[in-house]
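See structure below.
Computed from the coordinates by the stated procedures, all read-outs in this text should not be read as laboratory data. Because the structure is predicted, anything quoted here is derived from the model rather than measured. Neighbour counts run over all protein chains shown; Cβ positions are idealised from the backbone, glycine included.
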Amino acid sequence: MTEAAHPPEDLVRAVRAAGIRDERLLQAVRVTPRAAFLPAGHQAHAYHDVPIPIGHGQVTTQPSLSAMMIEGLDLSGDEHVLEIGTGLGFQTALLARLAAGVVTIERWPDIAHQARSNLARQGIRNVELRVGDGSGGVPDRAPYDAVIVSAAFPEVPAPLAEQLRLGGSLVQPIGPGGQEQVVSFLRTPTGLERRRLLTPAHFVRLHGRYGFPS
Ligand SMILES: C[S@@+](CC[C@H](N)C(=O)[O-])C[C@H]1O[C@@H](n2cnc3c(N)ncnc32)[C@H](O)[C@@H]1O
């Protein structure tokens, strides 16, 4: 099959067009079959750079946006990462290829169940998937080298900042849900320091004890 006819290459092109130059990240997109992380009936759009509905009013993150957020974590390969909002696991799979291990948490049990079997079918073993409210993080596995929040809230929930080690990175869409600024933060001795704006974006809301009421 030529490169042009290899469907994941369409996503690699979209990710490059979004400004991503990290070859490890581009390779992770190339070898992760997005079709394996979508609900039945959506395979035709698997390699289009678009969000896909996954039930409960949720959508997958657009692949180029996931890539921008992951790049904002500055992963080198040996990190212990926390992801809030697993969805069906495509972004989790990318993280699993780029870090030593991933703890991920999803609030909807049926979505989490699908993600678990999607990841297992791809042979991805360095992911620990929890079901529950991730707005308070996963304290029993902290500290984390990096935290990625896949849902929007106007501020970073305090427990997530507390569970990030000094010098670690956190990426979150900051906003009310529907119109956000995706920001990369650095954990300093005095708390989180805003490092850079990654992109404007539209996200679903972070619900839970330290997020919007459920
Ligand atoms: C944009 S979607 C899916 C993102 C996913 N990482 C992907 O690659 O497609 C955000 C997810 O966050 C989940 N979510 C929202 N609030 C949450 C919370 N407090 N704890 C865990 N998951 C949450 C939603 O149920 C939804 O599946």
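One table, with the values for the structure above:
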{"read-out": "Ranked list, fewest to most other Cβ atoms within 10 Å of each Cβ, for 10, 110, 140", "value": "140, 110, 10"}
{"read-out": "Under-5 Å amide H pairs with residue 74, H placed in peptide plane, nonlocal only", "value": "none"}
{"read-out": "For the stretch 38-49, Karplus couplings with θ = phi - 60° (6.51, -1.76, 1.60), whole Hz, Gly/Pro x", "value": "10, x, 3, x, 10, 4, 4, 9, 4, 9, 9, 7"}
{"read-out": "Among 85, 123, 175: highest mean-square fluctuation, GNM of the chain, C-alpha pairs under 10 Å", "value": "123"}
{"read-out": "Environment charge of residue 101, counting only residues whose C-beta is closer than 14 Å and scoring Lys/Arg +1, Asp/Glu -1", "value": "-1"}
{"read-out": "Residues 37, 212 arranged by fewest to most Cβ contacts within 10 Å", "value": "212, 37"}
{"read-out": "Which of 38, 164, 198 has the fewest Cβ neighbours within 10 Å, and the rest in rising order", "value": "198, 38, 164"}
{"read-out": "Antiparallel %, DSSP beta bridges [both residues in the stretch 1-151], to 5", "value": "10 percent"}
{"read-out": "Trypsin sites (Lys or Arg not before Pro) restricted to DSSP loop in the stretch 77-147 with at most 14 other C-beta within 10 Å", "value": "125"}
{"read-out": "Of every Cα-Cα pair in the chain, the percent that sits beyond 28 Å", "value": "20 percent"}
{"read-out": "Centre separation in Å (Cα based) which lies between the stretch 114-166 and the stretch 5-49", "value": "22 Å"}
{"read-out": "Within a Gaussian network of the chain (alpha carbon springs, distance under 10 Å), most fluctuating of 100, 28, 17", "value": "17"}
{"read-out": "10 Å beta-carbon shell around residue 141, net charge (K/R +1, D/E -1)", "value": "-1"}
{"read-out": "Sparse-neighbourhood loop sites, GluC sites (Glu not before Pro) in the stretch 122-214 - DSSP loop, at most 14 other Cβ within 10 angstrom", "value": "155"}
{"read-out": "Neighbourhood charge, 12 Å Cβ-Cβ cut-off, centred on residue 208 and excluding it, Lys, Arg +1 and Asp, Glu -1", "value": "+1"}
